[in-house]
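The values are calculated or read from the model by the stated rules, or taken from the named source; none is laboratory data. All values reported here derive from a predicted model rather than from experimental measurement. When we count neighbours, we look across all protein chains shown, and the Cβ atoms used for this are built from the backbone with ideal geometry, even at glycine.
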């Protein structure tokens, strides 16, 4: 069972998200809150696999909560919930360690998939979302495009192929099928690539690859 904490300051919306999460047989909401400070307390108490977190909240906003949770409980995947693709909080949250990005109007199936993907380590940005985030970020996200390309140049050829496939939104299994590799080999290449790139999760790695690819 995947344990989830849901945090949103809009009571009715939060209740709806809780119901949707609990409707899946393999997902369980173990706590819910309306602000970031309570989110941190709930994660400390329950150590869930996933924290679904809004960004704009009272007491402690989602960014500070993300930073705290990622530092104290790196095994808890933080998935951002937002209403806007260009939410100003999202880019800092990704840098702070958030591993996924879901829109509040996502379908129940997308919500369930996003939670499961976060636990599996496959929480990445879709190409459409990455495009919007990069447009909002400009060159601020991971430095200049020249720098991004320089960082990617550190990778071995197969590491670069895996990272480029990751940036297209592919899961480990799909990358393995495309490149005729074992899934364990894909994971090893990704871990090695992230070490060389200085990124801490798949999302940051995918955005760096997107930035390098755009003129």
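For this structure, a couple of remarks:
- Remark: pairs (first residue in segment 36-65, on the phi > 0 side of the Ramachandran plot; second residue in a helix (DSSP H, G or I) and buried (at least 20 other Cβ atoms within 10 Å of the Cβ); Cβ separation under 7 Å; 6+ apart in sequence or on different chains) = 59/36.
- Unique residue being modelled with pLDDT of 90 or more, crowded, with 17+ Cβ neighbours inside 10 Å and within 21 Å of residue 105 (Cα to Cα) when the list is 19, 14: 14
- Cβ pairs under 6 Å, 6+ apart, first in segment 71-92 and more than 23 Å from residue 119 (Cβ to Cβ), second surrounded by fewer than 16 Cβ atoms within 10 Å (Cβ to Cβ) and at pLDDT 80 or above: 83/104
- Qualifying residue in segment 126-149 (condition: assigned to a loop (DSSP other than H, G, I, E, B), surrounded by 17 or more Cβ atoms within 10 Å (Cβ to Cβ) and modelled with pLDDT under 65): yes
- The helices (runs of 4 or more DSSP H) found wholly in segment 160-215 and carrying at least 3 residues that are touching a helix residue (DSSP H, G or I) at 6+ places or on another chain (Cβ under 9 Å), outside the structural domain of residue 101 (by TED's automatic domain parsing) and under 23 Å from residue 93 (Cβ atoms) occupy 183-197, 202-213.
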